[in-house]
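Working notes for the structure below.
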Amino acid sequence: MRNINYLTALLSLFSCLVLADNETSDLADLDFDELMQIEITSVSKKSEKLSEAAAAVYVVTEHEIRRSGATSIPEALKLVPGVDVAQIDPNKWAVSIRGFNGRLANKLLVLVDGRSVYTPTYSGVYWEYLDYLMADIERIEVIRGPGATLWGMNAVNGVINIITKEAADTQGGRLSLAAGNELRGMAEIRQGFEPAENAQMRVYAKGRSLDESLDLSETDQDNGGDYLQTGMRLDIQHKEDQWLTFQGDLYRDDLRQQHTVPGFESPYTNRVVNGDIDALGGNLGISWGQLRGLDSELSVKFNYDFYDHQDLKYSERRDTVNFELQHQFVPFNDHELVWGAGYRWSRSDAASSSIISIADPVEHSDIWNAFIQDTIRFPEQKLSLTLGTKLERSSYSGTELQPNIRLSWVPDQQLTVWGAVSRAVRTPSRGESEFILNVGSAPPFTLDPSDPLPTMLQIVGNKGFQSEWLDAYELGIRWQPQPVVAVDLAAFYNNYSDLRSYNMGSASTQVIKGETFLVIPLELDNNIHGYSQGLELLTTWQAAPGSRFRLVYSIIDINLQDDAPSASAVNPISTVAGRTSEQLASLWGSFDLSSSLELDLRLYYAGERSWPDSTVSSYIDGDLRLAWRPLSSLELSVSGRNLLDSAKQEFIAEPWSVPSMIERSVFLQGVLTW
Amino acid sequence: MLRGGALRLRLAFFCLLITAAEVNSAPAVHALETLKAAYMYNMAKFTRWPASTWDSPDGVFQFCVYGSGRVADELQTLHNKKIAGHSVVVQKPLNEADFRQCHALYIDPSEHRRYRYILSLINRSAVLTISDDTRFLRHGGLINLVEKDQRLRFEVNMRRLSQTELKLSSKLLKIAILVDKPR
């Protein structure tokens with residue numbers, strides 16, 4: 001409650017600051033000598049097409065990434081409107097949009113340069129395996145709400161599109177070194193060059209070492225991590241109308257983690273075990289594009305992607321190939337048509353462990369899709385109508401249709417009002433359809449005082465598990481009342497059906513690792529339905545040429561209902577809904593103290609999260625970054641994270657995790673370019 | 001419950017956030033896009049087109065704008081102003097043939113894929129081509145608006161300029177950032 005009061009005070013203080021004047025003289029009548037004296041600001045570098053988009057879109061620019069001091073992608077997503085980012089332990093993050101957060105949040109699709117990095121094994125994203133050079137990211141497009149018509153399955157509550165720079169924009173060299181207490185060390189190097197005329201290339205490498213976090217009794221955990229990633233990009237412009245891109249990345253991560261695993265022998269209690277996560281992965285992509293006239297663009301993309309993940313719980317090697325074709329053109333005046341088709345094939349080879357058992361190690365899956373979308377403009381009414389649908393078929397589910405209809409009204413440059421109705425689907429993961437998970441154990445006589453057998457709780461995959469569905473209704477307004485103030489407000493109502501539920505099956509005696517257990521199975525089913533509703537607000541204010549404020553607030557209310565509740569130890573609804581902070585708020589001030597000195601202060605709030613047997617309290621915390629550029633080729637900075645508490649817990653991951661406290665972090669960084 | 005120390009730390013942090021803004025209070029802000037449009041108008045004023053460009057003194061100056069965006073909208077305000085004694089008509093080319101009428105051409109950065117293609121459609125020797133994107137010069141454009149030290153400046157691709165019949169005034173070149181072969 002105290003936190004809420006504090007937040008209210010903060011908001012009112014913010015709003016009573018006086019707005020800057022807006023001068024409206026005709027600049028075109030001034031001459032160069034005068035024009036060159038005018039100070040400029042970089043208020044909005046957003047692509048204007050996005051400000052008219054009929055969707056809740058936010059673009060994290062390279063400028064924002066740099067000024068946030070982010071050393072990884074989840075850090076760059078912190079404070080983005082409507083994005084809930086919580087750190088689980090030094091290596092793991094929970095990131096989601098519009099609720100349903102988790103270590104593997106299954107309703108958020110994430111792409112890097114159009115390549116999906118969402119794993120179909122567990123439905124989610126391993127953020128730790130996306131260790132790109134932050135300086136090579138051009139922008140991160142964050143779409144709240146369904147994006148299934150264009151991006152396909154699992155783009156249910158949102159899409160995050162990470163777009164790296166073209167090689168031409170990363171010419172020359174860049175070396176960055178950082179050291180601190182939590183980020184123990186980081187080294188990044190990149191070199192860009194022109195192998196031929198009309199061809200640009202870059203190669204990069206990045207290494208990071210992360211310190212351990214604390215457990216709830218404030219003792220060091222054994223969960224640090226060492227990361228290594230390298231990659232390249234080659235862009236070739238061929239004639240006036242064609243381009244070709246080759247991209248590749250390779251990573252190797254040696255991480256440590258703590259898990260809580262069931263006790264397979266006396267005394268059969270769950271215990272904490274330390275272990276390695278060894279990950280190796282990479283991808284290779286070729287894309288080709290052609291302009292077929294002013295209003296017609298054709299592109300073809302091919303990717304190969306693999307990862308090899310090994311830890312105590314499971315090992316998996318997955319190989320995926322993906323092919324996509326897209327054609328955008330103007331068939332008639334005021335119509336913009338885009339259509340495309342794609343095919344993905346994937347092979348997963350997973351090994352059982354004492355914790356996860358898998359009947360058939362090898363599984364092949366494939367997905368094909370086709371989509372079409374037309375944007376029709378009505379210039380007189382200042383309206384723009386988008387109609388589209390995707391047809392998709394995967395081996396985990398049948399054929400799914402994911403349509404959307406969007407309308408935007410842009411009466412003038414200052415105002416956009418939009419609305420959308422769309423449908424999206426979250427397909428079953430491999431884990432949900434066939435894995436058996438030993439989630440936890442209990443000693444004899446604890447659950448049932450008369451039973452002499454130890455108990456094992458199992459989650460049992462179900463081949464009959466179906467897709468989850470969403471029908472989403474959205475309404476938004478973007479308004480720029482003055483050149484220095486912009487407001488973006490979005491409201492949504494999400495209607496979910498067939499969400500994952502657990503049916504407690506009848507207990508049976510089974511021998512696991514040579515010991516007899518009373519096994520209580522939780523079988524996956526689709527009995528949960530319900531809705532969520534919420535508001536997301538973003539306000540930016542350029543208070544002066546060198547000071548900019550950004551205020552973000554979001555609130556969500558989730559109401560789910562289980563049609564076949566069973567008296568299980570795990571209540572699936574509270575697990576899903578409670579993990580989400582009902583309210584998120586942040587205030588980010590960016591100040592150019594002089595032409596070579598930058599200061600960024602970020603204050604943020606996250607509401608309470610609850611689990612069946614524990615809660616993570618709400619918190620207010622702050623980040624700071626001070627950067628000095630003594631030469632145009634050198635930048636020195638000091639960054640602080642989570643400065644207001646020495647350590648705090650932000651999240652609890654899914655089964656088997658051990659809660660961690662994330663510590664205050666400070667690091668120094670030097671960046672040299674040539 | 002916040003301990004006294006933790007609360008003080010939060011307050012201090014917040015005060016810093018607010019005061020940093022005051023240190024910075026400075027004069028009124030112009031929309032960057034307005035300034036860009038003013039720059040383009042001034043550049044055109046200080047540029048000489050070949051004598052054969054206009055058949056009659058009543059001919060209009062076609063300022064072409066490709067792509068949509070705030071700068072493109074802002075350029076509409078140049079309508080009916082005078083460049084080289086000719087009235088400005090701001091025009092959005094809709095098909096390939098329209099580009100042949102342009103005297104000056106601004107391309108919005110959102111259309112960066114089309115830079116080369118569009119530049120292949122114009123009469124390269126007599127069109128002042130401008131954008132506000134570092135990629136533009138590399139793809140064959142003449143002028144790029146850049147932000148430098150909180151001021152707006154512009155780069156001119158000298159090699160490309162020498163291949164045209166356009167003459168930029170010495171005043172213009174003096175304040176420009178000259179780029180020979182941009183990377």
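The values are calculated or read from the model by the stated rules, or taken from the named source; none is laboratory data. Note that the structure is a prediction, hence the values are computed from the model and not measured. Every residue, glycine among them, receives a Cβ derived from its backbone with ideal geometry; neighbour counts consider all protein chains shown. These accessible areas exclude ligands, DNA and RNA; they are computed on the full protein's heavy atoms, side chains included. Shrake-Rupley method; radii C 1.70, N 1.55, O 1.52, S 1.80 Å.
Data overview
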quantity	calculated
Complete set of residues in segment A:343-359 that are surrounded by fewer than 18 Cβ atoms within 10 Å (Cβ to Cβ) and modelled with pLDDT of 95 or more	A:343, A:345, A:347, A:349
Breaking point among (1) within 14 Å of another protein chain (Cβ to nearest Cβ); (2) among the aromatic types (Phe, Trp, Tyr); (3) open to solvent by less than 10 Å² (accessible area, probe 1.4 Å), for residue A:651	(1)
Boolean, residue A:104 is more than 12 Å from chain B (Cβ to nearest Cβ), at pLDDT 80 or above, open to solvent by 20 Å² or more (accessible area, probe 1.4 Å) and not in a helix (DSSP H, G or I)	yes
Residue match in segment A:12-23 (condition: part of a strand (DSSP E or B), surrounded by 19 or more Cβ atoms within 10 Å (Cβ to Cβ) and either in contact with a Phe, Trp or Tyr (Cβ under 9 Å, 6 or more places away or on another chain) or modelled with pLDDT under 70 (or both))	no
Hits in segment B:28-53 - residues which are open to solvent by 40 Å² or more (accessible area, probe 1.4 Å) and away from chain A (no Cβ under 14 Å)	B:48, B:51, B:52
Checklist (1) under 30 Å from residue A:508 (Cα atoms); (2) touching a residue at least 24 places away in the same chain (Cβ under 8 Å); (3) out of contact with any strand residue (DSSP E or B) (no Cβ under 6 Å at 6 or more places or on another chain) applied to residue A:450, failing item	(2)
Total residues in segment B:92-116, condition surrounded by fewer than 17 Cβ atoms within 10 Å (Cβ to Cβ) and more than 10 Å from every other protein chain (Cβ to nearest Cβ)	4
Output for segment A:69-94, where each listed residue is among the aliphatic types (A, V, I, L, M) and assigned to a loop (DSSP other than H, G, I, E, B)	A:70, A:79, A:80, A:88
Candidate set: segment B:136-150, residues that are more than 13 Å from the chain's Cα centre (by Cα) and within 8 Å of chain A (Cβ to nearest Cβ); chosen: the one nearest to residue B:35 (Cα to Cα)	B:150
Members of segment B:75-91 that are open to solvent by 30 Å² or more (accessible area, probe 1.4 Å) and either basic (Lys, Arg) or away from every other protein chain (no Cβ under 13 Å) (or both)	B:81, B:82, B:84, B:85, B:87, B:89, B:91
Lone unmet requirement of (1) open to solvent by less than 50 Å² (accessible area, probe 1.4 Å); (2) modelled with pLDDT of 90 or more for residue A:66	(1)
Some residue of segment A:426-436 being among the acidic types (Asp, Glu) and either buried (at least 16 other Cβ atoms within 10 Å of the Cβ) or in contact with a Ser or Thr (Cβ under 9 Å, 6 or more places away or on another chain) (or both)	yes
Among the candidates B:142, B:119, B:137, residue that is within 25 Å of residue A:197 (Cβ to Cβ), in contact with a Ser or Thr (Cβ under 6 Å, 6 or more places away or on another chain) and buried (at least 20 other Cβ atoms within 10 Å of the Cβ)	B:142
Scope segment A:131-152; condition modelled with pLDDT of 95 or more and of a type in the set (A, V, I, L, M); matching residues	A:133, A:134, A:135, A:137
Failed condition for residue A:654, given (1) more than 21 Å from the chain's Cα centre (by Cα); (2) modelled with pLDDT under 95	(1)
Residues within segment A:151-168 that are under 25 Å from residue A:427 (Cβ atoms) and part of a loop (DSSP other than H, G, I, E, B), tallied	6
Filtered residue count, segment B:54-74, keeping only those that are more than 12 Å from chain A (Cβ to nearest Cβ) and open to solvent by 40 Å² or more (accessible area, probe 1.4 Å)	6
Answer from A:57, A:110 - the residue that is in contact (Cβ under 8 Å) with a residue 12 or more places away in the chain, open to solvent by less than 10 Å² (accessible area, probe 1.4 Å) and not in a loop (DSSP other than H, G, I, E, B)	A:110
Of residues in segment A:576-600 being open to solvent by less than 20 Å² (accessible area, probe 1.4 Å) and more than 14 Å from chain B (Cβ to nearest Cβ), the one modelled with the lowest pLDDT	A:578
Lone qualifier among A:586, A:618, A:633, A:639 - being touching a Lys or Arg at 6+ places or on another chain (Cβ under 6 Å) and of a type in the set (Ser, Thr, Tyr)	A:639
Residue in segment A:120-129 that is assigned to a loop (DSSP other than H, G, I, E, B) and among the β-branched types (Val, Ile, Thr) present	yes
Which listed residue, of A:212, A:197, A:265, is surrounded by fewer than 16 Cβ atoms within 10 Å (Cβ to Cβ) and in contact (Cβ under 8 Å) with a residue 24 or more places away in the chain	A:265
